[in-house]
Ligand SMILES: [Mg+2]
């Protein structure tokens with residue numbers, strides 16, 4: 001008897017549903033603060049007092065009202081002009097090719113409002129993602145204010161969520177594993193059920209190492 005055994009390369013790949021934040025993960029929000037927001041407050045005699053801060057109130061020592069005054073007009077320009085974070089489009093395309101599902105999960109200001117401003121912001125977000133060739137399977141607009149991504153992660157069966165905001169990380173991590181996308185304001189922030197990535201390459205390497213299903 002003669003047996004022919006065909007050996008095919010058996011490979012096993014675990015596909016995941018990946019949640020991706022926009023501001024601070026895909027979009028260079030911190031750099032925008034250090035440039036555009038900084039110029040605005042400097043003109044009012046308020047220089048940067050903490051360059052690693054997350055909010056304008058902490059970075060420039062201004063009130064929430066003063067910060068909101070800036071954003072009331074600048075938010076539309078920001079939504080259109082903010083730069084993309086290095087490697088985001090390339091590595092997200094690779095993750096898609098690897099077989100993962102990508103859900104963009106943002107709580108961008110105004111984006112979940114049921115009015116004209118909300119519509120305008122959602123359209124700008126879609127346009128920005130398209131302009132920067134960022135691939136995704138679904139776009140979710142979570143409620144603004146912090147802590148609502150916990151719900152959107154659960155509702156969308158997200159296996160791992162990529163996030164920069166310390167507040168969101170703290171609330172999401174007890175329920176859904178989080179990849180902390182490193183920014184100056186989260187550098188010292190470490191809690192359970194998180195992994196730190198310093199770049200999009202780091203994110204890609206890590207996702208293809210973990211198995212959740
Ligand atoms: Mg963010």
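The values are calculated or read from the model by the stated rules, or taken from the named source; none is laboratory data. Since this is a predicted model, take the numbers as computed values, not measurements. So basically every Cβ, Gly included, is an ideal-geometry build from the backbone, and we count neighbours across all protein chains shown.
Among what's in region 102-129 and is more than 13 Å from residue 79 (Cβ to Cβ) and modelled with pLDDT of 95 or more, pick the residue that is surrounded by the most Cβ atoms within 10 Å (Cβ to Cβ).
Once the filter is applied, the top-ranked residue is 105.
Going residue by residue through region 92-101, is there one that turns out to be within 14 Å of the chain's Cα centre (by Cα) and within 16 Å of the ligand (Cβ to nearest atom)?
yes
Which of (1) more than 21 Å from residue 15 (Cα to Cα); (2) within 16 Å of the ligand (Cβ to nearest atom) does residue 127 not meet, given it meets every other one?
(2)
When you scan region 136-152, do you find a residue that is touching a helix residue (DSSP H, G or I) at 6+ places or on another chain (Cβ under 7 Å), in a helix (DSSP H, G or I) and closer than 23 Å to residue 194 by Cα, even just one?
Checking region 136-152: at least one residue is touching a helix residue (DSSP H, G or I) at 6+ places or on another chain (Cβ under 7 Å), in a helix (DSSP H, G or I) and closer than 23 Å to residue 194 by Cα.
Can you tell me which residue among 169, 191, 210, 179 is within 16 Å of residue 87 (Cβ to Cβ) and assigned by TED's automatic domain parsing to the domain that holds residue 104?
None of the others qualify; the one that does is 179.
Do the conditions hold for residue 200, that is, is it farther than 18 Å from residue 84 by Cβ, crowded, with 17+ Cβ neighbours inside 10 Å and either over 15 Å from the mean Cα position of the chain (by Cα) or not assigned by TED's automatic domain parsing to the domain that holds residue 59 (or both)?
So residue 200 does not fit the description; no.
Taking the condition of being without any contact (Cβ under 8 Å) to a residue 40 or more places away in the chain and crowded, with 20+ Cβ neighbours inside 10 Å, how many residues in region 142-170 meet it?
Counting residues in region 142-170 that are without any contact (Cβ under 8 Å) to a residue 40 or more places away in the chain and crowded, with 20+ Cβ neighbours inside 10 Å gives 2.
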